[in-house]
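All remarks here apply to the structure that follows.
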Amino acid sequence: MKDLKILGVVVFFTLVTYWGVEPYAHSVMHKHVEFEGFKYKDLKAPAKKGDPAKGKVAIAACVSCHGIKSQGIKAPMDAVSASAAYGVNPPDLSNAGAVLDEKFIANFIVSPTHAGLVKKSGMPAGMADAQGAADIAAYLKSIAPKEIKPKEAFEFACGRCHAVRYDKWTQIGQTPKTKADIKTGVDLKKMEFDKKVGQYKLNLAKYLGKLPPDLSIIVRARGEHYLKTFVENPQNLLHGTAMPRVGVSNEGYEKIYKYLEKVGDPSKPKREKVGPIVLLYFVGFAFLAYMWYKSQWKDLH
Amino acid sequence: MAHFDPNAKPFSHKWLDERLAVDTLQKVLSTEYWIPKNINFLWAMGMILAATFGILLLSGIFLLMYYIPDTKLAFDSVNHTIMGEVGYGWLWRHMHGVAASVVFLIIYIHMLTGIYYGSYKRGRELIWISGMLLFVSFSAEAFSGYMLPWGQMSYWAGMVITNLFSLGSLNLNGLVEWIRGDYVPGQAFLGRFFMLHVLLMPLIIMALIVLHFGTLRIPHVNNQDGEEIDFEEEAKKWKAGNRKESKVIPFNPVFLSKDVFVMSIYFIIYFYLVFYHFEFAMDPVNFDPADPLKTPPHIYPEWYFLWSYEILRPFSKNAGLIAFGFAQVIFFFLPFLDRSANVAPANRRGLFKYWFWILVVDMIVLTIMGKVPPMGIYTTIGTVAAWTFILLWAVLPFITKMEKPVRGSK
Ligand code: HEM
């Protein structure tokens with residue numbers, strides 16, 4: 001019984017220390033930002049519902065910069081030339097409706113800087129009036145595939161700015177498999193690709209003021225809550241940052257997070273599988289140890 | 001003259017005993033190494049520390065197979081190769097990281113147990129001093145290990161801590177550069193901390209563990225009442241079969257059975273942390289790669305260094321360093337600053353009782369204040385706590401000198 005009392009004292013002081021250096025200290029160090037569910041309450045919903053048929057016509061204004069592969073429209077320029085022209089490669093819009101919030105798209109088309117909460121954008125403002133923008137947004141929604149892969153969501157919303165080197169993702173696409181020349185070890189294809197990535201990064205850094213960080217293990221570096229609230233509104237956590245509010249919907253974000261978690265914390269499924277087995281083993285071990293202890297100490301007092 | 005029986009079969013018991021004295025060894029180290037019966041689970045902390053060191057060594061060996069001590073590759077070799085590509089690499093890393101953090105919790109419990117029961121006096125001074133040497137070595141081991149992933153916190157904590165060696169106004173920048181092998185932490189820095197972490201410090205620690213165990217053998221461990229036990233007399237009773245009357249038990253198997261049971265409970269908690277709650281041991285900031293151009297908004301050491309770090313912070317540069325140096329070494333002198341002859345639980349020792357509990361609370365307050373940013377009320381609390389720590393040690397000789405003798409046993 002005395003042992004249990006002592007254990008109580010030890011556990012108490014341990015937990016107080018833990019509480020102080022972890023939850024408490026972090027609550028003091030980091031501003032807490034409430035998550036609002038990707039509702040974008042500051043943006044106005046269009047007065048009338050958008051008409052996809054009208055949007056389909058109006059989208060012609062957009063394809064001078066954007067491709068829409070699912071509709072057979074190729075991007076007018078390759079990524080590096082596009083970044084030279086606009087600072088960043090305009091994303092292919094096939095999946096826009098599957099990842100972004102419809103109200104956000106409508107607002108973004110009217111004013112990318114206002115919706116994105118940034119000072120400048122490679123995308124021109126005033127491409128359509130409020131109603132025209134709502135039509136285009138409805139059209140993008142209507143062509144969006146029902147189900148997209150987590151990586152596709154990431155590629156559309158974040159992939160033009162952020163690399164993920166642990167998944168071989170670069171801002172201009174997946175690193176191709178290349179073969180070095182056996183005799184000399186020279187891999188020209190790889191060097192050519194690296195040069196393109198390098199050129200793109202230089203343009204991107206000029207556009208944004210800095211190179212956006214690689215997101216390979218951002219889930220471990222920032223944690224779930226920070227990421228969610230940061231993507232919802234980057235200005236809340238990094239005031240004055242050049243990263244735009246991207247305007248993802250709830251479902252879109254879930255996909256993006258799933259991708260980032262799979263790359264950044266790949267052992268999670270394994271942990272969940274192995275953990276219980278190991279714990280069970282030690283519970284069994286403890287039981288046997290207890291029996292041994294009791295048998296050794298039974299006639300001592 | 002040693003006697004070697006020519007007919008003894010090689011590697012038979014007799015053959016080994018003649019050459020290695022295995023029987024005597026076994027008696028001295030295990031079956032006739034006497035432990036007082038009157039002890040609680042806190043006396044298992046030493047074995048738990050030994051076991052945790054074993055875990056660190058084993059998991060460290062596995063990590064070492066894939067770790068690359070190169071400033072350009074280190075981060076990815078840990079966070080990509082080990083965490084993602086090597087089968088169960090994540091398990092070894094999480095075991096290593098959690099064990100490195102938990103080992104300090106157990107060390108602090110072990111130290112405070114020693115202080116509480118007065119186990120650093122009456123022949124046990126060297127146990128205490130060798131223990132403190134272990135504490136310092138573990139600190140160096142932990143700090144050098146923290147550099148290896150070459151993340152933001154590795155880099156900046158390395159920068160801040162090595163800066164301390166300029167010794168304030170002495171401005172010994174040459175010394176700092178000598179330690180770093182460069183003006184700022186870089187390849188030379190990583191290389192030498194790698195060497196310290198995987199070779200020199202583990203060697204020193206292993207030697208010190210042997211020394212620590214050696215210092216325990218003659219005075220024996222203390223007990224819950226600080227009672228002075230005649231071990232030979234009590235051992236005789238035990239050997240005569242008076243298991244109830246004897247105040248001692250053999251280490252093996254009787255004490256060991258309790259050690260193993262306590263250890264099994266510890267393993268359950270430890271592996272729970274490894275699988276479900278490892279974040280506390282692996283700072284998120286260190287998952288950003290080292291960036292010499294970007295100072296993190298908050299730089300703090302791991303939790304187990306926070307109390308001494310906080311003693312440094314509230315003072316001006318030079319005074320802070322002196323206070324910090326004081327905090328680092330003062331525990332070594334405990335056996336000589338405690339002027340009372342009493343070996344008894346603190347709660348029976350007059351003013352020392354309050355001294356002990358104030359010390360515990362003060363160190364926890366220092367730890368928490370060491371992590372939160374130094375502003376407003378936190379600076380005040382930190383300053384008060386730092387002064388309290390210093391004053392506690394200043395008054396210790398006086399309050400213990402005044403202490404009345406208490407009987408060791410109830
Ligand atoms: C980190 C490595 C260490 C290991 C492996 C270790 C191991 C042990 C073991 C096995 C014992 C005997 C059982 C027990 O009383 O728990 C012991 C006793 C002791 N240790 Fe340590 N120890 C370590 C660090 C320390 C430190 C840092 C201190 C304090 C400065 C310390 C001070 C003591 C004292 C005073 C005793 C005697 C306890 C008594 O007589 O009741 N040890 N240690």
Helices (runs of 4 or more DSSP H) within the stretch B:108-193 that include 1 or more residues polar (S, T, N, Q), within 16 Å of the ligand (Cβ to nearest atom) and more than 14 Å from every other protein chain (Cβ to nearest Cβ): B:125-147
Residue in the stretch B:32-55 that is farthest from the ligand (Cβ to nearest atom), counting only those that are closer than 22 Å to B:GLU228 by Cβ and part of a helix (DSSP H, G or I): B:LEU42
Qualifying residue in the stretch A:251-261 (condition: surrounded by 15 or more Cβ atoms within 10 Å (Cβ to Cβ), touching a strand residue (DSSP E or B) at 6+ places or on another chain (Cβ under 6 Å), under 28 Å from B:GLY84 (Cα atoms) and within 14 Å of chain B (Cβ to nearest Cβ)): no
Tabulated pairs, the stretch B:105-132, first outside the structural domain of B:VAL343 (by TED's automatic domain parsing) and on the phi > 0 side of the Ramachandran plot, second more than 9 Å from the ligand (Cβ to nearest atom) and among the charged types (D, E, K, R), C-beta under 9 angstrom, 6+ apart or interchain: B:GLY118/B:ASP338; B:GLY118/B:ARG349; B:ARG122/B:GLU228
Options B:THR52, B:THR31: the member that is surrounded by fewer than 18 Cβ atoms within 10 Å (Cβ to Cβ) and not acidic (Asp, Glu): B:THR31
Failed item, numbered, when B:LYS247 is tested on (1) without any contact (Cβ under 8 Å) to a residue 60 or more places away in the chain; (2) of a type in the set (Lys, Arg); (3) within 14 Å of another protein chain (Cβ to nearest Cβ): (1)
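Quick check on A:HIS225: is it open to solvent by 70 Å² or more (accessible area, probe 1.4 Å), in contact (Cβ under 8 Å) with a residue 24 or more places away in the chain and not polar (S, T, N, Q)? Step through it out loud before you land on a result.
Numbers: open to solvent by 70 Å² or more (accessible area, probe 1.4 Å): yes; in contact (Cβ under 8 Å) with a residue 24 or more places away in the chain: yes; not polar (S, T, N, Q): yes.
Criteria met by A:HIS225.
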Within the stretch B:57-95, tally of residues that are within 16 Å of the ligand (Cβ to nearest atom) and either without any contact (Cβ under 8 Å) to a residue 60 or more places away in the chain or at positive phi (or both): 1
Conditions (1) within 22 Å of the chain's Cα centre (by Cα); (2) within 14 Å of another protein chain (Cβ to nearest Cβ); (3) not β-branched (Val, Ile, Thr); number of the one not met by A:ASN89: (2)
Verdict on A:PRO244 being more than 19 Å from B:MET282 (Cβ to Cβ), in contact with a His (Cβ under 7 Å, 6 or more places away or on another chain) and not in a helix (DSSP H, G or I): no
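Would you list the helices (runs of 4 or more DSSP H) that sit entirely within the stretch B:233-346 and hold 3 or more residues that are open to solvent by 50 Å² or more (accessible area, probe 1.4 Å), touching a His at 6+ places or on another chain (Cβ under 6 Å) and within 14 Å of the ligand (Cβ to nearest atom)?
Numbers: elements: B:256-276, B:306-312, B:317-329, B:334-337.
Of the helices (runs of 4 or more DSSP H) lying wholly inside the stretch B:233-346, none has at least 3 residues that are open to solvent by 50 Å² or more (accessible area, probe 1.4 Å), touching a His at 6+ places or on another chain (Cβ under 6 Å) and within 14 Å of the ligand (Cβ to nearest atom).
Residues B:LYS371, B:LYS404: which one is of a type in the set (D, E, K, R) and more than 30 Å from A:LYS31 (Cβ to Cβ)? Walk me through how you get there before you give the answer.
Working: B:LYS371 fails: more than 30 Å from A:LYS31 (Cβ to Cβ).
Being of a type in the set (D, E, K, R) and more than 30 Å from A:LYS31 (Cβ to Cβ) holds for just one of B:LYS371, B:LYS404, which is B:LYS404.
The values are calculated or read from the model by the stated rules, or taken from the named source; none is laboratory data. Everything numeric in this text was worked out from a predicted model, so none of it was measured. Glycine gets a Cβ as well: all are built from the backbone with ideal geometry, and neighbour counts include every protein chain shown. Ligands, DNA and RNA are stripped out before the accessible areas are found, and what is left, the full protein with its side chains, is counted by its heavy atoms. Shrake-Rupley method; radii C 1.70, N 1.55, O 1.52, S 1.80 Å.
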